[in-house]
Amino acid sequence: MWSNLPLDILANIFSFLSPDSLARARSAYPIATTTSSWFLALPIRNHRPYCYAHNPVIDKWHQLSLPIPSIRPIGPIGSLLLLRVTNSTTLQLGLCNPFTREFRHLPRLHVARTNPAVGVVTTSESSNPNRDDDDVRFPSFKVYVAGGMSEAAQGGGATYETKVEMYDSRFDTWRIVGSTPVEFAVRLTVWTPNENVCIGETLYWVTSARVYSVMGFDVGRNRWRELGVPMAEKLEFATLVPRNGALGLVGGTCGGSACIWELNEGDKWCLVDKVPLELGLRLLGEKRIWESVKCVGNEDAICLYRDIGYGMVICKKVVGEIMGRWEWVWVDGCGYTKGKQVHNCPIRGALVHPSLASSLIF
């Protein structure tokens, strides 16, 4: 019966299942993928292998078992999640499907480094061009690493690393593909989180050195550039997101609201939306400051959140709207899963389209 149903209907059916049910369904229908992004909340100081996932279709939180503890999300790749292993001094990356618990480490870099910036470029082609029809289609991808501290060539100390390395999933190898100006390497190491956005062939990171700014790396031309951001001196937090095919910026101002800007032609930022006042106040609580707020987004949704026990403010694209209308909603925090209380803790979030598909990359 299942094999006769269209994939869009199957995806809708599977979106109503809990993660445990999804896992059981995998054996019966191994290529199920849901259409809506789920918010994954990974505890920051977590020595136990689990995270929490919010199903937006039924507005319910679930606890997921992970294959290893001590990981931090960098970003989604298809239906998988690129992770940093946090119990390693130097950068160690891994790839995981949190809904099937499949996991693998990526190979070690040529130059061992601590705290570099990481960016991902995906393509629409399959990682395995010789796959059968029953194999899962999975986008090939490239991971770029820039900055970080590495061992100095002389003296035994540490130095800011200027080499840019790239991992190609088609060949499962790293190679050196470019360089970073020293002043950029310093800022990528000290003032830049791992989160990045790729627009076209350019990777972007936001940096908080002195005031917020954006650093861009054109991977095809090996060129770096810096962009200013709106209200840079007043922002208490800033996060980059993809929005309508362009680079977006979400930021909250001291004593004001949180806004969304889009980067237009000529590198000009345009204000496109604001967090509704009542939702912003509800998110901030008694503190009334934005510096404790974190944000993650994709082309379908932008989530502003704090800790696991607090709620989230979500700006989501309305399905079926020709003009691409967005709406703001509130989502309660995760207080209980399966009747058990969830203790409040700091988290890092990610948006992932759940899939039970087995990928050949594992």
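Looking only at strands (runs of 3 or more DSSP E) that fall completely inside the stretch 82-127, which ones have 3 or more residues that are within 22 Å of T202 (Cα to Cα) and among the polar types (S, T, N, Q)?
Details: elements: 93-97, 102-105, 117-126.
Result: 117-126.
On inspection, E299 qualifies as closer than 27 Å to P73 by Cα, of a type in the set (D, E) and at pLDDT below 95. Selection of the stretch 229-250 for residues being under 15 Å from the mean Cα position of the chain (by Cα) and not β-branched (V, I, T) yields A238, L240, P242, R243, L247, G248, L249.
Among residues of the stretch 340-362 that are farther than 30 Å from R170 by Cβ, none has a Cβ under 6 angstrom from a residue that is among the charged types (D, E, K, R) and open to solvent by 50 Å² or more (accessible area, probe 1.4 Å) at a sequence gap of 6+ or on a separate chain. Residues that are under 14 Å from A350 (Cα atoms) and surrounded by fewer than 19 Cβ atoms within 10 Å (Cβ to Cβ) within the stretch 57-83 comprise just one, R72. Name the residues in the stretch 196-227 that are open to solvent by less than 60 Å² (accessible area, probe 1.4 Å) and charged (D, E, K, R), would you? D218 - this is the single residue of the stretch 196-227 that is open to solvent by less than 60 Å² (accessible area, probe 1.4 Å) and charged (D, E, K, R). Among the residues making up the stretch 147-166, those that are at pLDDT 90 or above, hydrophobic (A, V, I, L, M, F, W, C) and closer than 14 Å to A112 by Cβ are M149, A158.
Kindly state which strands (runs of 3 or more DSSP E) lie completely within the stretch 143-217 and contain at least 2 residues that are of a type in the set (S, T, N, Q). Before you say what the answer is, go through the steps one by one.
On the way: elements: 149-151, 158-160, 163-168, 173-179, 197-199, 202-207.
In the stretch 143-217, 173-179, 202-207 are the strands (runs of 3 or more DSSP E) which contain 2 or more residues that are of a type in the set (S, T, N, Q).
Tell me, please, whether a residue that is open to solvent by 50 Å² or more (accessible area, probe 1.4 Å), of a type in the set (D, E, K, R), touching a residue at least 40 places away in the same chain (Cβ under 8 Å) and within 30 Å of T162 (Cα to Cα) can be found in the stretch 265-277. The answer is yes, given that some residue of the stretch 265-277 is open to solvent by 50 Å² or more (accessible area, probe 1.4 Å), of a type in the set (D, E, K, R), touching a residue at least 40 places away in the same chain (Cβ under 8 Å) and within 30 Å of T162 (Cα to Cα).
For the structure I just gave you, tell me whether T253 is among the hydroxyl-bearing types (S, T, Y), within 27 Å of Y144 (Cβ to Cβ), out of contact with any helix residue (DSSP H, G or I) (no Cβ under 9 Å at 6 or more places or on another chain) and in contact (Cβ under 8 Å) with a residue 12 or more places away in the chain. Don't jump to the end; show me each part of the working.
Values: among the hydroxyl-bearing types (S, T, Y): yes; within 27 Å of Y144 (Cβ to Cβ): no; out of contact with any helix residue (DSSP H, G or I) (no Cβ under 9 Å at 6 or more places or on another chain): yes; in contact (Cβ under 8 Å) with a residue 12 or more places away in the chain: yes.
The answer is no for T253.
Can you pull out the residues in the stretch 287-307 that are under 17 Å from the mean Cα position of the chain (by Cα) and either open to solvent by 40 Å² or more (accessible area, probe 1.4 Å) or of a type in the set (A, V, I, L, M, F, W, C) (or both)? Matches in the stretch 287-307: V293, C295, V296, E299, D300, A301, I302, C303, L304, D307.
I'm checking my understanding of the structure. Among residues of the stretch 44-53 that are open to solvent by 10 Å² or more (accessible area, probe 1.4 Å) and not in a loop (DSSP other than H, G, I, E, B), which one is modelled with the highest pLDDT? Please lay out each step first, then the result.
Taking the stretch 44-53 first, the residues open to solvent by 10 Å² or more (accessible area, probe 1.4 Å) are 44-50, 52.
Imposing the further condition that a residue be not in a loop (DSSP other than H, G, I, E, B) reduces the set to 50, 52.
Working: Y50: 91, Y52: 95.
This residue is Y52.
Scanning the stretch 116-141 for residues that are of a type in the set (S, T, N, Q) and at pLDDT 90 or above turns up T122, S140. Considering each residue of the stretch 27-40 in turn, at least one proves to be under 25 Å from V318 (Cα atoms), assigned to a strand (DSSP E or B), in contact with a Phe, Trp or Tyr (Cβ under 8 Å, 6 or more places away or on another chain) and modelled with pLDDT under 90.
Examine the stretch 173-183 for a residue that is of a type in the set (K, R) and touching a Phe, Trp or Tyr at 6+ places or on another chain (Cβ under 9 Å), and state whether such a residue exists. Explain how you work it out, then say what you get.
In the first step, residues of the stretch 173-183 are kept if they are of a type in the set (K, R); the result is 175.
Cutting the leftovers down to touching a Phe, Trp or Tyr at 6+ places or on another chain (Cβ under 9 Å) gives us 175.
Scanning the stretch 173-183 turns up at least one residue that is of a type in the set (K, R) and touching a Phe, Trp or Tyr at 6+ places or on another chain (Cβ under 9 Å).
When the stretch 223-235 is limited to residues that are out of contact with any helix residue (DSSP H, G or I) (no Cβ under 6 Å at 6 or more places or on another chain) and assigned to a strand (DSSP E or B), the one that is farthest from E201 (Cα to Cα) turns out to be L235.
Go over the candidates P242, P230 one by one and state the one that is open to solvent by less than 50 Å² (accessible area, probe 1.4 Å) and either more than 18 Å from F39 (Cβ to Cβ) or among the polar types (S, T, N, Q) (or both). Spell out the reasoning first.
Values: P242 fails: either more than 18 Å from F39 (Cβ to Cβ) or among the polar types (S, T, N, Q) (or both).
That would be P230, the only listed residue that is open to solvent by less than 50 Å² (accessible area, probe 1.4 Å) and either more than 18 Å from F39 (Cβ to Cβ) or among the polar types (S, T, N, Q) (or both).
Go through the stretch 308-345 and give me each residue that's surrounded by fewer than 16 Cβ atoms within 10 Å (Cβ to Cβ), charged (D, E, K, R) and under 17 Å from G248 (Cα atoms). Those that are surrounded by fewer than 16 Cβ atoms within 10 Å (Cβ to Cβ), charged (D, E, K, R) and under 17 Å from G248 (Cα atoms): R325, E327.
Regarding the stretch 102-115, can at least one residue be identified that is at pLDDT 65 or above, closer than 30 Å to M166 by Cα and of a type in the set (F, W, Y)?
yes
The values are calculated or read from the model by the stated rules, or taken from the named source; none is laboratory data. Values in this document were obtained by computation on a predicted structure and should not be read as measured data. With ideal geometry, Cβ positions are generated from the backbone for all residues, glycine too; neighbour counts draw on all protein chains shown. These accessible areas exclude ligands, DNA and RNA; they are computed on the full protein's heavy atoms, side chains included. Shrake-Rupley method; radii C 1.70, N 1.55, O 1.52, S 1.80 Å.
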